[in-house]
1. Go through the range 231-247 residue by residue and tally those that are within 16 Å of the ligand (Cβ to nearest atom) and surrounded by fewer than 20 Cβ atoms within 10 Å (Cβ to Cβ).
2. Could you please let me know if residue 124 is at pLDDT below 95, touching a strand residue (DSSP E or B) at 6+ places or on another chain (Cβ under 9 Å) and either over 23 Å from residue 181 (Cα atoms) or surrounded by fewer than 18 Cβ atoms within 10 Å (Cβ to Cβ) (or both)?
3. Looking at the range 248-262 only, could you name the residues that are among the hydroxyl-bearing types (Ser, Thr, Tyr) and open to solvent by 50 Å² or more (accessible area, probe 1.4 Å)?
4. In this structure, does residue 103 turn out to be under 27 Å from residue 44 (Cα atoms), open to solvent by less than 90 Å² (accessible area, probe 1.4 Å) and within 16 Å of the ligand (Cβ to nearest atom)?
5. Just one of the numbered conditions (1) of a type in the set (Gly, Ala, Ser); (2) within 15 Å of the ligand (Cβ to nearest atom); (3) modelled with pLDDT of 95 or more is not true of residue 47; which one?
6. Please enumerate the residues belonging to the range 208-230 that are open to solvent by 10 Å² or more (accessible area, probe 1.4 Å) and either farther than 30 Å from residue 171 by Cα or in a strand (DSSP E or B) (or both).
7. Does any residue of the range 28-35 turn out to be crowded, with 16+ Cβ neighbours inside 10 Å and away from the ligand (no atom under 11 Å from the Cβ)?
8. Out of 162, 149, 74, which single residue is over 16 Å from residue 178 (Cα atoms), within 16 Å of the ligand (Cβ to nearest atom) and in contact (Cβ under 8 Å) with a residue 24 or more places away in the chain?
Amino acid sequence: MTTATTTPNSAAKQSSGAPVIQMIGVSKWYTPEFQVLDACSTSVQKGEVVVVCGPSGSGKSTLIKCVNALEPFQQGDIFVEGVKVNDRTTNLPKLRSRIGMVFQNFELFPHLTIMENLTLAQRKVLKRGKDEADAKARKLLQRVGLSDQAPKYPGQLSGGQQQRVAIARALAMDPVAMLFDEPTSALDPEMVSEVLDVMVELAREGMTMMVVTHEMGFARKVANRVIFMDKGAIVEDVPTEEFFGSPRSERAQLFLSKILSH
Ligand SMILES: Nc1ncnc2c1ncn2[C@@H]1O[C@H](COP(=O)(O)OP(=O)(O)OP(=O)(O)O)[C@@H](O)[C@H]1O
């Protein structure tokens with residue numbers, strides 16, 4: 001792993017044109033009485049890293065799961081590279097292969113080896129041949145520092161190693177963007193940095209990322225923007241410097257002081 005410098009990636013600043021991800025007025029109800037997302041709008045440009053934070057239950061996970069249609073929503077629109085997510089004709093497997101997703105609990109297939117975890121979707125969805133899929137998997141395992149783990153099963157790896165495999169598995173699909181849903185919150189403290197290092201490197205290389213996290217050090221280091229959610233709404237969507245400089249909402253200020261005092 002290369003050591004990260006301390007300036008946010010500049011790829012986004014150079015980008016122009018259509019956003020990779022665009023959300024327009026997205027509202028979602030889990031039940032008629034419970035609205036979880038309230039008219040959320042934002043967009044993520046190519047190469048941008050956007051951190052999504054906010055109190056527990058504010059809708060962060062739900063918001064990013066809507067992007068790759070893991071959660072349906074009732075109002076508004078989401079476009080990924082101009083393709084409407086919430087359209088009945090959208091090819092969902094294809095869409096999901098374009099957007100890598102990394103979950104809190106890794107979600108690796110426990111009965112498959114690490115190598116098989118990395119090659120299954122490449123072969124089934126992208127129709128890559130065995131040699132090509134294996135070569136891609138090996139290259140990515142090397143990149144996340146796990147070359148020697150290929151024949152093992154997920155249960156034989158530490159949490160930090162499993163999460164790095166999960167990131168490699170998502171990258172194997174050559175995604176246009178990566179979504180991370182609290183990728184370090186299930187890890188023992190000593191394993192957090194090995195996963196964050198991989199994410200920092202990815203950000204530096206210009207990957208478009210939406211990251212739900214409470215890791216404010218990560219946000220400061222690589223995020224171009226911070227979104228703060230509260231009660232299902234996006235109440236802050238500002239450049240990182242501005243967020244840490246003077247959060248405008250009282251709740252964001254309270255959240256920050258709580259998180260940073262831990
Ligand atoms: N499938 C579901 N059915 C009903 N309610 C749900 C469902 N999933 C989540 N919720 C509720 O929706 C709200 C938002 O959940 P979500 O997981 O999106 O929040 P979050 O901001 O990511 O929270 P956390 O930081 O605790 O993970 C919470 O009140 C949660 O209990």
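The values are calculated or read from the model by the stated rules, or taken from the named source; none is laboratory data. Remember, it's a predicted structure, so these values are computed and weren't measured experimentally. Backbone-built Cβ (ideal geometry, glycine too); neighbour counts: all protein chains shown. All accessible areas refer to the heavy atoms of the entire protein, side chains included, with ligands and DNA or RNA removed. Shrake-Rupley method; radii C 1.70, N 1.55, O 1.52, S 1.80 Å.
1. Filtering the range 231-247 down to residues within 16 Å of the ligand (Cβ to nearest atom) leaves 231-237.
Okay, now just the ones that are also surrounded by fewer than 20 Cβ atoms within 10 Å (Cβ to Cβ), so 231, 233, 235, 237.
Adding up the residues that qualify gives 4.
2. Values: at pLDDT below 95: yes; touching a strand residue (DSSP E or B) at 6+ places or on another chain (Cβ under 9 Å): no; either over 23 Å from residue 181 (Cα atoms) or surrounded by fewer than 18 Cβ atoms within 10 Å (Cβ to Cβ) (or both): yes.
Answer is no for this residue.
3. Taking the range 248-262 as the starting set, the residues that turn out to be among the hydroxyl-bearing types (Ser, Thr, Tyr) are 249, 257, 261.
Across the range 248-262, the qualifying residues are 257, 261.
4. Values: under 27 Å from residue 44 (Cα atoms): yes; open to solvent by less than 90 Å² (accessible area, probe 1.4 Å): yes; within 16 Å of the ligand (Cβ to nearest atom): yes.
Judged against the criteria, residue 103 is a match.
5. Result: residue 47 fails condition (2) only.
6. 225, 230
7. Restricting attention to the range 28-35, the residues satisfying the condition of being crowded, with 16+ Cβ neighbours inside 10 Å are 28, 35.
When the remaining residues are screened for being away from the ligand (no atom under 11 Å from the Cβ), the result is none.
No, the conditions are met nowhere in the range 28-35.
8. Details: 162 fails: within 16 Å of the ligand (Cβ to nearest atom); 149 fails: within 16 Å of the ligand (Cβ to nearest atom).
Going through 162, 149, 74 in turn, just one is over 16 Å from residue 178 (Cα atoms), within 16 Å of the ligand (Cβ to nearest atom) and in contact (Cβ under 8 Å) with a residue 24 or more places away in the chain: 74.
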